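This report refers to the structure that appears directly beneath it.
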Amino acid sequence: MIDFSSFFKYSYLVMIGITLVFYSRALIINLKVRQDFAFQGVARYFLYFCIGHNLYLFLTGSILGKESFAYDGEPFFLFYGPILYVFVCLVDTEKNKKLRLQDHWIHFLLGGVYAVLYFFFVLLEKYIDKEYFYYYNTILFNAIALQFIGYALFVYYKSGELKIYRRLKLIVFRIVVVFLLMGIVYMGVLVPTIRFDVEEFILCSMAFVLSVVIYQFYVVSEKELIAGAWLPKAEAGDNQIMSLRPLKYVKSSVKDTDLYGYQDRVETFLVKKERFLDTDYSLDKLAKDTKISKHHISQLFSTVYNSSFTKYVNRLRVMHSLTLIEQDNSISIGELGAQSGFNSRTSFFRAFKDVVGMSPSEYIQSIKQQEV
């Protein structure tokens, strides 16, 4: 007969360990992203926080056991909802994108207060009446449940207004679902004096699913993120993101949902298959590869990317050249341009300066100076 108590006892440590691996891999990809938009910075801090949180859970759970107050009473889940809230506020194209935590401090107040109480209780655990731990945990679990559900509902409502990349919108929706499930589970874990192995296993499973969702997003979108394919820097400010608000084609005959579908097909060939490295790759060839009319592709670039096909492709090529320089800063300018898909030295110089703000030789020199 299966010993479920032993299974639940050790399975949570395994899931936390795998969760750490997924978050670490996502962070590595995040750190490779050159365009450090405000919402991307929040995502980076969130990954740091998740890694630290899960590492803390793993250490306290393996050393002290999950029945210990150090493990059972940790309040750090109270920060997940506020971080998601700040992320969505910064993604919202209608608002200022500068990261100003002082504008959102009220959302982190409860977590901060509970963190202080938690460390106070941990340090003086042997001198404090156990009844206080009961009240502490009861209020904590209720607060976590309400926060997960409350912030999830807010973000779900807000996500309908967000004008963002479809894959990013999808991950936000999946996080909302996980938050709702975790909130519902926490609502059933309100009596800390009883051992809830099953509930603990479900909570760890939900936290594990959250890491899988974030990991999958970064792995699937790795090339687009690193190449800066989501936003032409020369066309927009550092704190902006892509918007589906029509620019040139005000009265568009193509639905936004169709544009999103076109976007995936276009980026499959341009970014994932790296067709931008072909020196003779043209709008006609892209239309043939994607089976989308040239008119609709031009509309896609104008509406979604606020760019022309040529500028977008040249930006991808420049971003690729930056990667080549990182790998070997002794590479010649001519070879650098050729390997990046440019068919002339002049076009390479012009595109590189438009994107980076300096010539290729100046950029290489600055890299060499940093290494000295």
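Taking only the C-alpha atoms of segment 41-82, Rg followed by Dmax gives 11.4, 35 Å. If the chain linking S366 and Y127 were pulled fully straight, counting 0.36 nm for each residue of separation and taking away their Cα-Cα distance, it would gain 80.1 nm. Of the three principal axes defined by the Cα atoms of segment 297-372, the extents in descending order read 46, 23, 19 Å.
For N343 and R265, compute 0.36 nm times the residue count separating them, minus their Cα-Cα distance, and round to one decimal in nm. Don't skip to the end; give the middle numbers.
On the way: separation 78, 0.36 × 78 = 28.08 nm, distance 2.50 nm.
This chain segment gains 25.6 nm when fully extended.
Rolling a 1.4 Å probe over the protein heavy atoms leaves I28 with an accessible area of roughly 90 Å².
What's the carbon and sulfur percent of segment 255-372's accessible surface, probe 1.4 angstrom, rounded to a whole number? Write down the numbers at each step before the final one.
On the way: 2820 of 5820 Å².
In segment 255-372, the share of accessible area belonging to carbon and sulfur is 48 percent.
The stretch between E326 and D354 holds 8.1 nm of extra length on full extension. This uses 0.36 nm per residue minus the Cα-Cα distance.
The values are calculated or read from the model by the stated rules, or taken from the named source; none is laboratory data. Predicted model only: the values in this text are computed from it and were never measured. Quick note on the areas: whole protein, heavy atoms, side chains included, nothing else; ligands and nucleic acids left out. Shrake-Rupley method; radii C 1.70, N 1.55, O 1.52, S 1.80 Å.
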